[in-house]
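J.: Provided herewith is a single structure, encoded as structure tokens, for subsequent inquiry.
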Amino acid sequence: MPRVTDAGAQMTPTVGIRCVVNGKTIEDSVEPRTSLVDYLRHGVGLTGTHVGCEQGVCGMCTVLVDGVAAKSCLMLAPQADGHEIRTIESVAPGEELHPLQEALRDHHGLQCGYCTPGFVMTALALKDSGAACDEATLRAELSGNLCRCTGYQNIVTAVAEFLGVEEHPA
Amino acid sequence: MTETLHEPQTESPPVGPWIGERVPRFEDERLLRGRGQFVDDFDDSRVLHVAVGRCPYPHASILDIDMSEALAVAGVEQILAGREVAARTQPLSVLRPLPDVPRLPFRALAVDRALYEGHPVVSVAATSRAIAEDALELVDIEYEPLPHVVDAEAALEPTAPQIWDELDSNLVVHNPRIEGDVDGALSRADARVADRFAIGRVSALPMEGRAIQAGYSPGISTLDVMVSTQIPHMFRLQLAEALEFREADIRLRAPDVGGGFGLKLGMYPEDVVVCLHAIDLGCTVRWIEDRMEHFRASTHAREAVHRAELGMNRDGTIQGMRDRYIIDMGAYNSPFGPPMLSSLMFPGPYRVRDCEVDRRVVATNKTPVGAYRGYGQPESNFVREILVDRAARSLELDPVEVRRRNVLRPHEMPWTNAGGAVYDSGDYLRPLEKAIEAIDYERVRAEQRQRDGDSRRLGIGVASFVEMTGYPGSRFLGKHGAAYGAHESVTLRANRSGGIDLYTGVATFGQATETTFAQITASVVGISPDAVAVHAGDTLGTPYNVGSFASRTTIAGAGAILAAGNDLRAKVLRIASGFLDAPVDALDLLDGSVVVLGAPQRRMALADIAAEAISGHHLSANEDPGLESTRYFDPPASAFGNGTAAAIVEVDVATGIFEVLRFVIAHDCGQQVNPALVEGQLHGGLAQGFGAAFFEGLQYDQDTGQMLNGTMVDYLVPTAADLPSFEIHHADVPSPVTPLRNPWGRRGRNDSARCRRCQRALRCARTVASRDQSTTAHSGVVVACDRRSRATPTLGFRQGGSDVKFEEVFEVSAAREKVWEFFDLEAERVGMCIPGAEEIHSLGDDKYRLKVAQKVGSMGATFDLRARIRDRQPTEMMSLSATGRSIKGARGDVRATAVVSLEDKGDGTTIRLDADVALGGMIGSLGHKVIAQKAEEITRDFAVALGESMTSWTAAS
């Protein structure tokens, strides 16, 4: 599926966008067909947001758009115009990890780490929405993010701890 | 939830302080921040991107490739096709060849014939992926679909289309093995149970697909390759062989790898092509597999049909076992090829002496299969455990009691099983009892009986297994034709910051090599794990090794680290002895400093010792400078993990909807280096088993040969909402087969924790639950749940080789000569009668180009077609062909042939249209039924339009 193109070389028509990415205002012109995730990764250079299926299933590319978790492979870059985007790179800008990231590390909630940024962004949005109150709801809320390594168990434990959700006793 | 049953029983060397600790992973910091470096995360501002064109049909001749239009696209740098690539490269080497099988050359791009949907045919390098894909759409490839077969049993029929001329049939290899008197043992048994088990075709589906970047500069002449692989050193060798390069001229590294599970073992066709582009263009070139490609072009796994039988005596003793099975290899032998361990491990943990295993590997027109967690073990575990349960049931015995009676006991070890494997050690009863106790078996059985007659029943499933981990030595592998050894290696080098640099060829893809290797090194040498810097997966500067698979990395790696660590430690103490003026045996290396025993104030930091060793300024005359060691470890035998899984499942009798109430596994993987990581591996293996049991399975349409569910939307993998919590109990007994140089008796962690273990226990549970209902309800439940059960296999190929054939006969009032004239002179008008035709242009020489828009099911697409009149018999017959692909909407390719014949019918004419349409790509994946229905509709509308058009034309002329 198409990735970022070298617009200048192709004389392809571009559209101007202005958006805020991780607190910085960006003005740029992009090919209309560029997906948001391709733009973030190859246009802005924020490669922490990953690509897994390009059809909105796997959740690797989850970012926050105006605070709401969104799959950035299903958005075109021009649709980000006028919006505020947050990616994984903004979560712990300093030396310290974010408490959610610490919880994931402490509970061995990641293995290959490819899906991890997506889970972090989903869980952060979940925290803000206050939606998850029990383990079943939490698992349902996380079901838009796939992981092939962990069986989710330790991810659920870590996110539950972060959100203050009580897990089922085993 | 986690509990270690007992301390290691055998006498073993002291376990280092960091062994068995839940040390947080060193990999996590960067991965959690999104600062991992996967191949596609490296700067691509001066990188060319590759898109690969793939055959949309299961089997086709490649008649012509016209790349002129594509080459004219601005930004396109190079297009490669099969013949050129074949002339310049060797076929992919097979790392684990099937014994006694002729070489089936797997070329980087298909030459003249493509053997499976997704087979790479052309490759475009351009300034961006989008441009490369745009150009790919303009490469005009003329295919002639050939007869195909996508079912392994059908492929063995004598009339099946033959895929390889190098073979006598589609049977690639037949490996029978009989131990003891199987017929006799089965005939003496009080009960015999037998069945056919179809194991589904699955994808390992790592979240990061395959990825490669290759850079080449004239003058430097080193091919600098980054690739998402589990085996950097072997990959480099394969690449050198394919490109006919010196190994020394290739540097290959695996940066962060987003999951492997066996799928990333070895080189694939695209890897060779990307390197060719880089060499030809003298620059850096990248290819990132997208998910559509992943489903079609990365190895699949597991698919097999087992016909198995088990005989049991009234007292529960297993008398004999038999498993005759067919493995669907796909079109090629991939580097690791079909699974090798099903036969070997079929006897499992039981005392079975009379056993037959009989493997046949079959070629089909499907994506090649490759390694995937367990490499054939989950399949035979599944078959065996189901049979054990059924035999117990037929004799009215308790399935747990039967297992107790048959599992091997410690005094019988080492045990050579009837498949040929030598079990090193183990107390198989321990995890069985532990799992039974943990799940509260007797109480749940009682509850199950109470619920008899309820609408929601309980099922209890139990499954025991032994699992081969690691290999019994390099010589053993050499004898069996493997291209690799069984060893691992490390270089340990003390640095002047007081730490140790560890160099390993192992790539890190989730199994936490950076952490476990640091823990082991720290324990051996006497420093803190965070003082160990693990440099992994780069062939530059790491000793040759084998790589990460078969749950072998930590077993073999630990032995190498132990040897090198002991070397290093000995030299550190020798050097310190001179400076501290104390004999070596009065010294110890603790927390990064050498101290004099009994006089802890007399100490020398490792940093200072390293500085002295490296400068050499004050070393004694008989001491070489430097402080490093490279060591290899070749395990003398395989270590066998073992365990028992138990599940409680609640099933709604009416609907078949079930819930896994509890899932318990008790296992023995020997001494654990880091229990958190062991549990993580188990969780992941169990989740994949759960997926294979309930969700996953790649489906092919027998008639079209197309994969039906090759997208993430259609191929379901478990989500967090689908899985239960897994309860893990450790019952570790150290393995004695690694004692000489590896003191920790480590068995394979669990990579292989596996899949089928989960599947098996769940299936058992489900079946048990449903068995307790009436027969009718029973079958209803099983059918509702068993997503992978298949109807009786039909012959999965078509002699005509095309997907949909149809005919339409209709009459027009015009005379035959008039009708012929219309067809002959007004081809463009005829073309516009095709429903959805938007435009048609004559290209001269009986060639036409037309655009046709169609909607099939929910998918719409506009096709760009090249049509040609191939034959004419005036007033009688005309034949045409058309090929093309969709340029808008759903991806798809189409090829059609049509014959129009005319016959007199009174004053009018009967027009007979015989057509044959093959659809590939996403539209083809709709399957035969949908397409056939659509084709009928199109033909009908075409006939009507043609009749009308001709009437108006006749009237006008």
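J.: What pairs come out if I take residues in the stretch B:929-951 that are closer than 15 Å to B:Val819 by Cα and pair them with residues that are surrounded by fewer than 19 Cβ atoms within 10 Å (Cβ to Cβ) and small (Gly, Ala, Ser) whose C-beta lies under 8 Å away, six or more apart or interchain?
T.: B:Thr951/B:Ser813
J.: Considering only the stretch B:830-885, state which residues are farther than 24 Å from B:Cys55 by Cα, of a type in the set (S, T, N, Q) and in a strand (DSSP E or B).
T.: Result: B:Ser842, B:Gln873, B:Ser879.
J.: Which pairs do you get when a residue that is part of a loop (DSSP other than H, G, I, E, B), found in the stretch B:177-206, comes within reach of a residue that is exposed (fewer than 14 other Cβ atoms within 10 Å of the Cβ), reach meaning Cβ atoms under 6 angstrom, with the pair 6+ apart or on two chains?
T.: From residues that are part of a loop (DSSP other than H, G, I, E, B), the pairs are B:Asp190/B:Arg314.
J.: Can you name the residue in the stretch B:216-227 that is touching a helix residue (DSSP H, G or I) at 6+ places or on another chain (Cβ under 8 Å) and either at pLDDT 95 or above or under 21 Å from B:Ala51 (Cα atoms) (or both) and is also farthest from the other protein chains (Cβ to nearest Cβ) among such residues?
T.: B:Leu223
J.: Do any strands (runs of 3 or more DSSP E) entirely within the stretch B:588-687 hold 2 or more residues that are within 14 Å of chain A (Cβ to nearest Cβ) and crowded, with 23+ Cβ neighbours inside 10 Å, and if so, which?
T.: B:639-652, B:658-668
J.: Among the listed residues B:Ala114, B:Ala126, B:Ala130, identify the single one that is touching a strand residue (DSSP E or B) at 6+ places or on another chain (Cβ under 6 Å) and within 14 Å of chain A (Cβ to nearest Cβ).
T.: Criteria check complete, one pass: B:Ala126.
J.: Would you point out which residue out of B:Arg188, B:Arg251, B:Arg192 is assigned by TED's automatic domain parsing to the domain that holds B:Ala86, surrounded by fewer than 20 Cβ atoms within 10 Å (Cβ to Cβ), of a type in the set (D, E, K, R) and farther than 27 Å from B:Val101 by Cβ?
T.: B:Arg251
J.: For A:Arg148, which of the numbered conditions (1) surrounded by fewer than 18 Cβ atoms within 10 Å (Cβ to Cβ); (2) closer than 30 Å to B:Ser228 by Cβ fails to hold?
T.: The one condition A:Arg148 does not meet is (1).
J.: Tally up the residues in the stretch B:128-157 that are in a loop (DSSP other than H, G, I, E, B), closer than 14 Å to B:Thr364 by Cα and not aliphatic (A, V, I, L, M), please.
T.: 4
For (1) touching a residue at least 40 places away in the same chain (Cβ under 8 Å); (2) within 28 Å of A:Arg33 (Cβ to Cβ), each residue gets a yes or a no:
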position	(1), (2)
A:Leu64	yes, yes
A:Ala70	no, yes
A:Cys73	no, yes
A:Leu76	yes, yes
A:Leu97	no, no
A:Cys112	no, no
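J.: Checking B:Phe197 against (1) more than 21 Å from the chain's Cα centre (by Cα); (2) surrounded by fewer than 21 Cβ atoms within 10 Å (Cβ to Cβ); (3) over 27 Å from B:Gly34 (Cα atoms), which test does it fail?
T.: Tallying (1) more than 21 Å from the chain's Cα centre (by Cα); (2) surrounded by fewer than 21 Cβ atoms within 10 Å (Cβ to Cβ); (3) over 27 Å from B:Gly34 (Cα atoms), B:Phe197 fails exactly one: (1).
J.: Closer than 19 Å to B:Ile231 by Cβ and in contact (Cβ under 8 Å) with a residue 12 or more places away in the chain, is that true of B:Gly565?
T.: Considered against the rule, which asks whether it is closer than 19 Å to B:Ile231 by Cβ and in contact (Cβ under 8 Å) with a residue 12 or more places away in the chain, B:Gly565 comes out as no.
J.: If only one of B:Gln230, B:Gln213 is within 18 Å of B:Pro335 (Cα to Cα) and either away from every other protein chain (no Cβ under 14 Å) or crowded, with 21+ Cβ neighbours inside 10 Å (or both), which one is it?
T.: None of the other options fit; the residue is B:Gln230.
J.: Which ones in the stretch B:245-294 are within 12 Å of B:Val50 (Cα to Cα) and charged (D, E, K, R)?
T.: Hits for the stretch B:245-294 are B:Glu270, B:Asp271, B:Arg286, B:Glu289, B:Asp290.
J.: While we're looking at this one, here's another question. Give just the number: which of (1) over 26 Å from the mean Cα position of the chain (by Cα); (2) over 30 Å from B:Arg286 (Cβ atoms); (3) exposed (fewer than 15 other Cβ atoms within 10 Å of the Cβ) does B:Pro99 not satisfy?
T.: With (1) over 26 Å from the mean Cα position of the chain (by Cα); (2) over 30 Å from B:Arg286 (Cβ atoms); (3) exposed (fewer than 15 other Cβ atoms within 10 Å of the Cβ) applied to B:Pro99, the lone miss is (1).
J.: Residues of the stretch B:704-714 being crowded, with 21+ Cβ neighbours inside 10 Å and either modelled with pLDDT of 95 or more or more than 11 Å from chain A (Cβ to nearest Cβ) (or both), which ones?
T.: If the condition is that a residue be crowded, with 21+ Cβ neighbours inside 10 Å and either modelled with pLDDT of 95 or more or more than 11 Å from chain A (Cβ to nearest Cβ) (or both), then B:Thr704, B:Gly705, B:Gln706, B:Met707, B:Gly710 are the ones that fit.
J.: Now for a separate question. Say whether the condition of being buried (at least 23 other Cβ atoms within 10 Å of the Cβ) and not in a strand (DSSP E or B) is met by at least one residue in the stretch B:352-362.
T.: Within the stretch B:352-362 (the criterion being buried (at least 23 other Cβ atoms within 10 Å of the Cβ) and not in a strand (DSSP E or B)), the answer is yes, since at least one residue qualifies.
J.: Go through the stretch A:14-40 and give me each residue that's free of Cβ contacts under 8 Å to residues at least 24 places away in the same chain and within 14 Å of chain B (Cβ to nearest Cβ).
T.: Across the stretch A:14-40, the qualifying residue is only A:Thr14.
J.: What do you reckon, is A:Glu161 free of Cβ contacts under 8 Å to residues at least 40 places away in the same chain and either touching a helix residue (DSSP H, G or I) at 6+ places or on another chain (Cβ under 8 Å) or not hydroxyl-bearing (Ser, Thr, Tyr) (or both)?
T.: No; evaluated as a whole, the condition is false for this residue.
J.: If you scan the stretch B:222-250, which residues turn out to be of a type in the set (A, V, I, L, M) and either in a strand (DSSP E or B) or more than 11 Å from B:Cys275 (Cβ to Cβ) (or both)?
T.: Matches in the stretch B:222-250: B:Leu223, B:Val225, B:Met226, B:Val227, B:Ile231, B:Met234, B:Leu237, B:Ala248, B:Ile250.
J.: Among the residues of the stretch B:489-516, write down those that are outside any loop (DSSP other than H, G, I, E, B), over 13 Å from B:Leu568 (Cα atoms) and touching a Pro at 6+ places or on another chain (Cβ under 9 Å).
T.: Correct list: B:Ser489, B:Tyr503, B:Thr504, B:Thr515.
The values are calculated or read from the model by the stated rules, or taken from the named source; none is laboratory data. Note that the coordinates shown come from a computational prediction; the quantities given were computed from them, not determined experimentally. Counting neighbours? That spans all protein chains shown, and the Cβs are built from the backbone with ideal geometry, glycine included.
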